[in-house]
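The values are calculated or read from the model by the stated rules, or taken from the named source; none is laboratory data. On a predicted model such as this, the values are computed, not experimentally measured, just so you know. Note that each Cβ is placed from the backbone with ideal geometry, even for glycine, and that neighbours are counted across all protein chains shown.
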Amino acid sequence: MKKQLNKDYWENRYEANETGWDVGEITTPLKEYIDQIENKNLKILIPGAGNGYELDYLLSKGFKNVFVVDLAEAPLQNIKKRIPEFPENQLIKSDFFELEGNYDLILEQTFFCALTPELREKYVSKMHSLLSGNGKLFGLLFDFPLTEEGPPFGGSKAEYLNLFSEKFNIKTLETAYNSIKPRAERELFFIFLPK
C-alpha cells in the first residue's frame with residue numbers, strides 16, 4: 001500500500017525524529033549561490049522548508065523578505081524557537097499547492113523529492129505561477145534513479161529537462177561540484193527562469 005504523504009505523515013516524521021534529510025545547516029551549494037546575490041530586497045520563498053536552515057543563513061546575510069511554507073506545524077515551531085524575532089506572517093503553514101503570491105526567488109531543497117512523482121507536473125506549474133516575471137527557481141534536485149520507495153524519490157537530468165523545459169528556460173542544470181559528502185555526485189544544482 002502506498003504511503004499517504006500528508007500532513008500527518010510529516011508531523012509523525014518530525015515527532016519520531018525521522019528526518020534523515022535534515023543536515024542541521026544550509027548545504028554548501030545553496031550557501032555559495034546565496035553569497036552571490038546582491039539584492040537583499042528580493043522576495044524569497046522556501047517551500048517545504050522543514051527546519052529551514054536556509055532561512056537562518058539568508059537572515060544572517062541581510063535578507064528580510066523571506067517566507068517559509070510547510071505543511072507540518074512541528075518544523076515551523078522549531079523555526080520560531082530558533083528565531084523568535086522572525087515575523088509570524090512569514091511562517092506559513094499551508095499546502096504548497098494552495099499558496100498564492102509572487103516571489104523573486106524560490107529556493108528548492110529536498111521539497112521536490114518529497115512529493116510523490118505524480119505531483120511533479122503540478123509542482124512545475126505551481127512554481128511557474130508563483131514566480132515573478134524575472135524570478136528564478138534555484139536549488140538542488142537529486143540525481144539517482146526514480147524509486148517508488150520514497151521519499152526521497154529520485155530523478156535524472158533527462159527527466160528534469162523534459163519536465164521543466166515547457167515552462168522554464170534552463171539556465172543551469174549540472175552535477176553540484178560542492179555537495180556535502182553524503183550527497184556527492186547525487187545532486188544537481190539548477191537555476192530555472194520562467195518563460
* Residue match in the range 113-134 (condition: at pLDDT 95 or above, crowded, with 21+ Cβ neighbours inside 10 Å and of a type outside the set (A, V, I, L, M, F, W, C)) -> no
* Structure fact -> Within the range 162-171, the count of residues that are surrounded by 12 or more Cβ atoms within 10 Å (Cβ to Cβ) and touching a residue at least 12 places away in the same chain (Cβ under 8 Å) comes to 6
* Structure fact -> The one condition residue 46 fails out of (1) β-branched (Val, Ile, Thr); (2) part of a helix (DSSP H, G or I); (3) within 20 Å of residue 137 (Cα to Cα) is (2)
* residue 153 hydrophobic (A, V, I, L, M, F, W, C), in a loop (DSSP other than H, G, I, E, B) and more than 16 Å from the chain's Cα centre (by Cα) -> no
* Structure fact -> Expected single match for under 26 Å from residue 187 (Cα atoms), part of a loop (DSSP other than H, G, I, E, B) and either modelled with pLDDT under 95 or among the acidic types (Asp, Glu) (or both) among 56, 22, 104 is 22
* Cβ pairs under 7 Å, 6+ apart, first in the range 138-159 and within 22 Å of residue 32 (Cα to Cα), second aliphatic (A, V, I, L, M) and part of a loop (DSSP other than H, G, I, E, B) -> 140/176
